[in-house]
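Notes to accompany the following structure.
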Amino acid sequence: MDGPAKIPTVSLVDSLIYNLVHVIPSYLRGIFTPNRFWFTFWTRVHPDPASVKFVTRLRKKYRSNYWYLHMLTTKSLVVLDPDGIRHVLDHSPDIYADAKLKRTGMSHFQPDSVTISRGDEWRERRRFNESVLETGHGLHQYAKTFLDVVHDETATLLGQAGNQLVWEDFAALFDRITMRVIFGSGVRDTSMTEALRKMMRESNRGFALSKSNYFDDFYAAMRRNRQEARDGSLAALCNSVPSTARTKVDNQITHWMFAMGDTLAINTVRALALLCAHPAAEEHVRNELGTADLSTAEGINQLRYLEGCIQEAMRLWPTTPMLVRETVKEDVLGGATIPPGTQVLIINSFTHRDRETLPFADAFSPDVWLRDSVDYRFNHLSNGPQGCAGKELALFIAKAVIATVLTGQRTSLERPPLDPSRPLPYLYNHFQVRLRRSVA
Ligand code: HEM
């Protein structure tokens, strides 16, 4: 089934069905930030909004792990072959660069950010991101300060909340953590987070985007906050790590704000919901917490099983359901020649749940991550040169929040329910999460 010399094109009817059952629901759920109404609607009315069953059928029908289909009006190459996926990611962005839809939408709120850059600009911005986020270093030099922020903000949340915790509590918690990790303690300017969210909602449209009314005020606040950045914050590091006009420092920070405030919050809440629904895994995590010194950054860092639980939440419900690329030069993929300008799709929401290749596809399996945290079959954090530059930091903050929430109290999942004895659903509506707290 691998390596065709000529890649099949799916029929018009199959393309149409794919657009109706996958692309349009996905678009309405929100490309850059989830839309509450549509997310709830599709989770309720569509048993397979991620199109896992349909893609499985297409693979069988066309007997290939590569096929062309039309995503809306753009002819696109779908890559299901693990070797092909690795090849694409290992050559991003040099051959497989950002695609038009992503560039158009993201330029609305973070023009010139690394993830929509190419060539020397990408190299310079990637270098800058890696220097400040300390990508691949394990513990960030300010990890203890970040941990203190998490402890402080989570304690405030738990002190104020009643016996229930809902999505809005976590959304507000992550907004506060994000502002303090990025700009330092004392910065509580919520207008920036609100403005960013509004721009991201606008960018979900993906077309006819003129300059946002929020753009200038947002970047003026960004410059102010960066100038006043407190010691021990990412923005303070930005002021000391070398940069040039080409780096576009402020535009890089916007990406961190959205990834930490929005994406990380969603994944952390889903990991908590999974843990509450799987008593054996929760017990395992509680034992791990019991043997670690949770007051130190090193103690948080060594929570490997908890980290596996967070990775699983991301694998099961990837917040980037599809990686989209565009070839900038001709290449050979799976034995076939791919011309420049081809849109390439890696469907995480399918490959992560492929029952024919993954025995644990629809189950919560944190152990999988104890072996290796780099696995090209799973690209919720992406892999290769353009993989998530904030991976370690994101996992550290998520672990710190969950460890703090679980310590000293029991939490149970009230809704949306998850049944560990059945295959896990293809989408999980974090907007409706409600946890009940009681003393441990
Ligand atoms: C759970 C939270 C997060 C998830 C699931 C996530 C996921 C991803 C994914 C899938 C990509 C690749 C996107 C693509 O190529 O289309 C990416 C890129 C990136 N992420 Fe994250 N991310 C998370 C948190 C963070 C955080 C907290 C930061 C920074 C503080 C961050 C910084 C970046 C950067 C800078 C890139 C662009 C890398 C490049 O294009 O060279 N991420 N992330």
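Within the set of pairs 6+ apart or on separate chains, which have a first residue in region 249-269 that is at negative phi and without any contact (Cβ under 8 Å) to a residue 60 or more places away in the chain, a second that is more than 9 Å from the ligand (Cβ to nearest atom) and assigned to a helix (DSSP H, G or I), and C-beta atoms under 7 Å apart? Close Cβ pairs (under 7 Å, with a partner that is more than 9 Å from the ligand (Cβ to nearest atom) and assigned to a helix (DSSP H, G or I)) amount to Asp250/Tyr219; Asp250/Met222; Asp250/Arg223; Asp250/Arg226. Would you check if there is a residue in region 262-274 being closer than 25 Å to Arg180 by Cβ, modelled with pLDDT under 95 and surrounded by 16 or more Cβ atoms within 10 Å (Cβ to Cβ)? Within region 262-274 (the criterion being closer than 25 Å to Arg180 by Cβ, modelled with pLDDT under 95 and surrounded by 16 or more Cβ atoms within 10 Å (Cβ to Cβ)), the answer is yes, since at least one residue qualifies. The residues of region 406-440 that are farther than 28 Å from Ala50 by Cα, touching a strand residue (DSSP E or B) at 6+ places or on another chain (Cβ under 7 Å) and either assigned to a strand (DSSP E or B) or modelled with pLDDT of 95 or more (or both), listed by number, are Gln409, Arg410, Thr411, Arg436, Arg437, Ser438, Val439.
When the test is whether a residue is away from the ligand (no atom under 16 Å from the Cβ) and either crowded, with 20+ Cβ neighbours inside 10 Å or part of a loop (DSSP other than H, G, I, E, B) (or both), Leu358 passes it. Please work out which residue is farthest from the ligand (Cβ to nearest atom), limiting yourself to region 85-119 and to residues that are among the hydrophobic types (A, V, I, L, M, F, W, C) and within 28 Å of Glu202 (Cβ to Cβ). The selected residue is Phe109. Within region 94-106, being assigned to a helix (DSSP H, G or I) and buried (at least 16 other Cβ atoms within 10 Å of the Cβ) holds for Leu101, Lys102, Arg103, Thr104, Gly105, Met106.
Taking the condition under 29 Å from Pro25 (Cα atoms), surrounded by fewer than 19 Cβ atoms within 10 Å (Cβ to Cβ) and touching a residue at least 12 places away in the same chain (Cβ under 8 Å), does Arg201 pass? For Arg201, the condition - under 29 Å from Pro25 (Cα atoms), surrounded by fewer than 19 Cβ atoms within 10 Å (Cβ to Cβ) and touching a residue at least 12 places away in the same chain (Cβ under 8 Å) - is met. Condition check for Ala277 on (1) within 21 Å of Leu393 (Cα to Cα); (2) touching a strand residue (DSSP E or B) at 6+ places or on another chain (Cβ under 7 Å): one failure, at (1).
Here Asp293, Asp250 are screened, and the one residue that is away from the ligand (no atom under 11 Å from the Cβ) and in a loop (DSSP other than H, G, I, E, B) is Asp293.
Spot the failing condition for Phe215; the list is (1) in contact (Cβ under 8 Å) with a residue 60 or more places away in the chain; (2) within 16 Å of the ligand (Cβ to nearest atom); (3) hydrophobic (A, V, I, L, M, F, W, C); (4) touching a Phe, Trp or Tyr at 6+ places or on another chain (Cβ under 9 Å), and only one is missed. For Phe215, the exception is condition (2). Put simply, of Glu307, Glu283, Glu298 the only residue that is crowded, with 18+ Cβ neighbours inside 10 Å and either outside any loop (DSSP other than H, G, I, E, B) or on the phi < 0 side of the Ramachandran plot (or both) is Glu307. Residues in region 227-238 that are buried (at least 19 other Cβ atoms within 10 Å of the Cβ) and more than 20 Å from Val150 (Cβ to Cβ): Cys238 alone.
Check region 338-353 and report whether any residue there is touching a Lys or Arg at 6+ places or on another chain (Cβ under 7 Å) and more than 23 Å from Val88 (Cβ to Cβ). Within region 338-353, not a single residue is touching a Lys or Arg at 6+ places or on another chain (Cβ under 7 Å) and more than 23 Å from Val88 (Cβ to Cβ). The criterion of at least 3 residues that are of a type in the set (A, V, I, L, M) is met by the following helices (runs of 4 or more DSSP H) wholly inside region 1-93: 12-18, 52-62, 82-90.
Of all residues in region 102-126, those that are at negative phi have Cβ atoms under 6 Å from Cβ atoms of residues that are more than 12 Å from the ligand (Cβ to nearest atom) and assigned to a loop (DSSP other than H, G, I, E, B), 6 or more apart or on another chain, in Gly105/Gly206; His108/Leu209.
So that you can scan it fast, the table gives a plain yes or no per residue for (1) more than 30 Å from Arg436 (Cβ to Cβ); (2) within 16 Å of the ligand (Cβ to nearest atom):
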{"residue": "Glu194", "(1), (2)": "no, no"}
{"residue": "Tyr219", "(1), (2)": "yes, no"}
{"residue": "Thr268", "(1), (2)": "no, yes"}
{"residue": "Glu307", "(1), (2)": "no, yes"}
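Somewhere in region 347-354, is a residue within 13 Å of the ligand (Cβ to nearest atom), in a loop (DSSP other than H, G, I, E, B), within 30 Å of His70 (Cβ to Cβ) and of a type in the set (S, T, N, Q)? No, there is no match, as no residue in region 347-354 is within 13 Å of the ligand (Cβ to nearest atom), in a loop (DSSP other than H, G, I, E, B), within 30 Å of His70 (Cβ to Cβ) and of a type in the set (S, T, N, Q). For region 361-388, filtered to residues that are within 14 Å of the ligand (Cβ to nearest atom) and aliphatic (A, V, I, L, M), the residue that is surrounded by the most Cβ atoms within 10 Å (Cβ to Cβ) is Leu381. When you look at Leu333, is it within 23 Å of Asp90 (Cα to Cα), hydrophobic (A, V, I, L, M, F, W, C), surrounded by 20 or more Cβ atoms within 10 Å (Cβ to Cβ) and away from the ligand (no atom under 16 Å from the Cβ), yes or no? Judged against the criteria, Leu333 is a match.
The values are calculated or read from the model by the stated rules, or taken from the named source; none is laboratory data. Keep in mind that what you see is a predicted model, and the values were worked out from it rather than measured. Cβ sites come from the backbone with ideal geometry, for glycine too, and all protein chains shown count toward neighbours.
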